[in-house]
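Visitor: Here's a structure for you.
The values are calculated or read from the model by the stated rules, or taken from the named source; none is laboratory data. Being a predicted model, the structure only gives us computed values, none of them experimental. Every residue, glycine among them, receives a Cβ derived from its backbone with ideal geometry; neighbour counts consider all protein chains shown. Accessible surface is based on the protein model in full, side chains and every heavy atom, while ligands, DNA and RNA are left aside. Shrake-Rupley method; radii C 1.70, N 1.55, O 1.52, S 1.80 Å.
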Amino acid sequence: MANRQEQEEFSQFEFDDERLNLHAHPSPQKNALVLFVHGFCGSGYETWGDFPRALFNGDHGSAVDVATMDYPSGYKAISSRGADIDFYADLLGNQLYELREIYEDIYIVAHSLGGIVAGAAVAKYLQRASSADLPAVTNIAAIIYFASPRAGSGWARPWLSFAVREFNWLKRFSENIHFVEKFFTAQVQSSAVASPGHLRFLIPRYAALAARDALVSKFSGSFSIPPEQIKYLGGDHISISKPTEKNYAQVRWMHQVIRECGEIRSQWRREFTATQIIKSQMSFPSTVVTEFWTGPRGTDWLAAYNEVRHAASDASVQILDVIDAPSGQDPDLLISVHESDRVVNSDPREEQRVREAYGRASSVKTMIGVAAIGDNFDEAREKLSDLAPSDLTLNRILIEGSSDLPGLHALIKRWIDLVVSRDPRRMRHRRGLDRVLEIDSTEYDYQPTGGYL
């Protein structure tokens with residue numbers, strides 16, 4: 001975890017092995033955090049001059065907590081042939097993961113090589129944390145690059161990489177640069193807007209360019225940054241990251257970025273909360289329970305029932321057979337299918353099943369669908385109506401018929417549609433049912449042959 005100190009006034013202190021110093025205000029409320037990452041041959045404090053102190057003390061804006069990262073690079077890591085940048089990117093990614101418990105808004109300010117390190121760290125962090133189902137607005141509020149060669153630098157000669165490992169990262173369109181930019185292009189909305197659009201995360205990215213930068217070209221320093229999020233400053237590659245008492249342009253711009261991103265994040269959160277409330281108000285039961293009865297030769301009919309039931313299920317409504325439903329739950333729809341010849345010939349077993357189906361109408365929940373299937377289904381439907389008790393006046397019994405299996409498909413589809421549409425909150429599912437099901441009743445010239453009893 002970061003080396004944390006509470007301070008009333010900003011004051012530098014020694015780095016420990018975690019290489020990240022956290023300057024926190026004593027206030028218990030969660031302030032925003034600005035995290036500084038230096039570049040090649042830089043250091044945790046020297047690179048930034050008065051920048052961290054000005055933000056911590058609230059010069060030209062609201063006070064924020066400040067963290068500074070320090071890692072050896074360039075001549076400071078010459079004993080080990082330069083810095084192991086991949087290691088420090090992993091280290092920073094882990095620290096971002098831990099800081100998510102403390103800060104809702106982390107602004108990463110990176111100079112030169114630090115921009116590539118920070119980009120890789122954020123990508124690693126988001127990849128690691130994605131299993132936690134991160135929202136589009138994570139605790140990474142923005143990344144602000146100062147003279148960062150994110151397309152590489154011509155000064156980083158590949159043939160010197162054996163002596164200076166950082167050049168493997170800094171050379172033009174290096175493998176590591178490609179990894180970072182590919183991740184951000186595919187996953188991150190970098191524009192300062194209140195929606196990630198089709199992308200996974202919303203993290204605006206900004207860039208400051210120095211007028212006399214001899215190390216980073218304008219192209220490389222502004223690579224993939226929206227034009228309206230680029231700041232042009234006087235000075236050179238070194239001085240761009242060091243505001244002074246006479247020149248606080250960087251500090252004022254930083255406060256502007258924090259205000260802009262804060263408003264965007266607040267707007268997104270309001271809209272997200274409103275959307276969740278609407279979804280909760282429009283929510284509907286996740287399941288519709290059905291039960292299917294048929295005779296000994298109804299294997300094909302059972303297959304048709306299961307086919308339609310599975311096709312009608314989606315992310316909104318699951319059509320469950322009563323066997324798979326919670327114990328004791330009454331079905332929303334009971335489907336009883338009968339051979340038309342047996343019904344017409346008054347087969348006692350067929351008539352008994354019909355009466356048992358009608359008996360289920362006493363449930364205040366269950367809709368009953370009774371179907372006769374066969375060539376003489378119309379005569380059988382009349383017989384099914386005659387078998388209904390004379391005192392049965394409920395309008396939740398459907399008596400219909402069809403000559404063949406495709407017609408039964410259409411019947412079951414129609415009945416499930418009717419049950420789903422009984423709850424107005426499920427109407428979206430009902431409107432989409434024909435698109436979900438491949439079976440369309442018009443394909444079979446099916447016309448209902450019965451109705452409510």
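Visitor: Which of rounded, prolate, oblate describes segment 234-387, given a ≥ b ≥ c as roots of the alpha-carbon gyration tensor eigenvalues and a/c under 1.5 marking rounded, otherwise prolate only if a/b is larger than b/c?
Guide: Prolate, since a/c reaches 1.5 and a/b exceeds b/c.
Visitor: Label points 7 Å out from Cα along the Cβ direction at ASP330 and ARG252: separation in nm?
Guide: 7.3 nm
Visitor: Another question, then. Would you calculate the separation in nanometres between label points at ALA186 and LYS365, each defined as 7 Å from the Cα along the Cα-to-beta-carbon direction?
Guide: In this crude spin-label approximation the distance works out to 4.6 nm.
Visitor: Given the pairs LYS171/LYS246; LYS383/LYS413; LYS182/LYS231, which span a C-alpha to C-alpha distance of over 28 angstrom in this model?
Guide: The answer is LYS171/LYS246.
Visitor: Here's a follow-up. How far is the Cα center of segment 330-352 from the Cα center of segment 203-249, in Å?
Guide: If you average the Cα positions of each part, the centres end up 80 Å apart.
Visitor: Calculate the FRET efficiency for HIS198 and ARG422 from the Cβ-Cβ distance with a Förster distance of 30 Å, rounded to the nearest 0.05.
Guide: That gives a FRET efficiency of 0.25.
Visitor: In addition: Classify segment 11-65 as rounded, prolate or oblate from the Cα gyration tensor: take a ≥ b ≥ c as the square roots of its eigenvalues, call it rounded if a/c is under 1.5, otherwise prolate when a/b beats b/c and oblate if not. All intermediate terms of the calculation are to be shown ahead of the outcome.
Guide: Details: a/c = 2.27, a/b = 1.44, b/c = 1.58.
Verdict is oblate for segment 11-65.
Visitor: Something else: LYS218: which aspartates and glutamates have alpha carbons under 18 Å from its alpha carbon, excluding same-chain residues fewer than 8 sequence positions away?
Guide: Counting by Cα, and skipping residues close in sequence, LYS218 has these aspartates and glutamates nearby: GLU181, GLU228, ASP236.
Visitor: Whenever you get a sec, line up LYS383, LYS246 from highest to lowest accessible area (probe 1.4 Å, protein heavy atoms).
Guide: Values: LYS383 50, LYS246 200 Å².
Largest accessible area first, the residues go LYS246, LYS383.
Visitor: To continue, here is another question. So between SER316 and ALA214, what do we pick up on full extension, going 0.36 nm a residue minus the alpha carbon distance?
Guide: The span from SER316 to ALA214 would gain 30.9 nm if fully extended.
Visitor: So for TYR45, TYR97, what's the accessible-area order with a 1.4 Å probe, most first?
Guide: Details: TYR45 25, TYR97 50 Å².
Descending order: TYR97, TYR45.
Visitor: Let me ask something else about it. Quick one: which residues, 5+ away or cross-chain, put their amide H under 5 Å from the amide H of PHE15? H built at 1.01 Å from N.
Guide: Excluding prolines and chain starts, which carry no amide H, there are no hits.
Visitor: I would also like to ask the following. Would you kindly find the accessible area of THR299, with a 1.4 Å probe and non-protein molecules such as ligands, DNA and RNA excluded, rounding to the nearest 10 Å²?
Guide: 100 Å²
Visitor: Quick one: length gained pulling HIS178 to GLU351 fully straight, 0.36 nm per residue minus the C-alpha distance? Mind showing how you got there, number by number?
Guide: Details: separation 173, 0.36 × 173 = 62.28 nm, distance 7.35 nm.
Extra length available between HIS178 and GLU351 comes to 54.9 nm.
Visitor: Here's another thing I want to ask about it. Within segment 228-269, find all residues whose amide N lies under 14 Å from a label point positioned 7 Å from the Cα of HIS60 along Cα-to-beta-carbon.
Guide: 231-235, 240-259
Visitor: Calculate the FRET efficiency for ILE323 and LEU134 from the Cβ-Cβ distance with a Förster distance of 51 Å, rounded to the nearest 0.05.
Guide: Details: r = 38 Å, r/R0 = 0.74.
Between ILE323 and LEU134 the formula returns 0.85.
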